[in-house]
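The values are calculated or read from the model by the stated rules, or taken from the named source; none is laboratory data. Computed from a prediction, not measured in an experiment: that's the story for all the values here. When we count neighbours, we look across all protein chains shown, and the Cβ atoms used for this are built from the backbone with ideal geometry, even at glycine. Surface areas here come from the heavy atoms of the whole protein model, side chains and all, with no ligands, DNA or RNA. Shrake-Rupley method; radii C 1.70, N 1.55, O 1.52, S 1.80 Å.
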Amino acid sequence: QVQLVESGGGLAQAGGSLRLSCAASGRTVSNYAWGWFRQAPGKEREFVATISGSADTTVYRDSVKGRFTISRDNAKNTVSLQMNSLKPEDTGVYYCAVRADEGYSFSPARYDYWGQGTQVTVSS
């Protein structure tokens, strides 16, 4: 079993930055894909970014390309999401997730372990 704990959420002004981190415990996830998802009030959970198990592939939703960067540290069993040039529409609860497979996925249903979520609020 894998437990995930996010940190780093909070309040930022439009144009500002936040860095989210997620730490895995219970077993090493160095060969597994990570994903970040977010959910705004009244909306479905949506894909934000993913990184493959080998870290050779990263994919982003179009609206965050060039602003967000996903990275992983296998030695620490962690993943991070650097968010720059934040916009009010980036507001939501952000979740990290691990897929027990090397390949990445955009679908929440393909992920096996989830963190509890961390709130990100961007004011205009």
Next on the checklist: Test of the criteria: in the stretch 1-64, which GluC sites (Glu not before Pro) are in a DSSP loop and have at most 13 other Cβ atoms within 10 angstrom of their Cβ?
Outcome noted: E44
Checklist entry - Dipole magnitude of the chain about its Cα centre, charges +1 at Lys/Arg Cβ and -1 at Asp/Glu Cβ only, in debye to the nearest 20? => result 140
Checklist entry - Residues of the chain: accessible area per residue at 1.4 Å, in Å²? => result 49
Next on the checklist: Given contacts defined as C-alpha pairs under 8 Å and at least six residues apart, what's the relative contact order of the stretch 12-124, whole-number percent?
Outcome noted: 36
Item to check | In Å, descending, principal axis extents of the Cα set of the chain | outcome: 40, 26, 25
Item to check | Candidates per trypsin sites (Lys or Arg not before Pro) in the stretch 1-45, loop by DSSP, up to 11 other Cβ within 10 Å | outcome: K43
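Leaving ligands, DNA and RNA out of it, report the carbon-plus-sulfur percent of the accessible area of the stretch 1-101 at a 1.4 Å probe. Could the numbers behind the result be given before it?
Details: 2120 of 4710 Å².
With neighbouring chains kept in place, the figure for the stretch 1-101 is 45 percent.
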Next on the checklist: Loop-only trypsin sites (Lys or Arg not before Pro) in the stretch 58-109, please: DSSP not H, G, I, E or B, and at most 15 other Cβ atoms within 10 Å.
Outcome noted: K65, R67, K76
Checklist entry - Any idea which of T57, T69, A14 is furthest toward the positive side of the dipole for the chain, if Lys and Arg beta-carbons carry +1 and Asp and Glu beta-carbons -1? => result A14
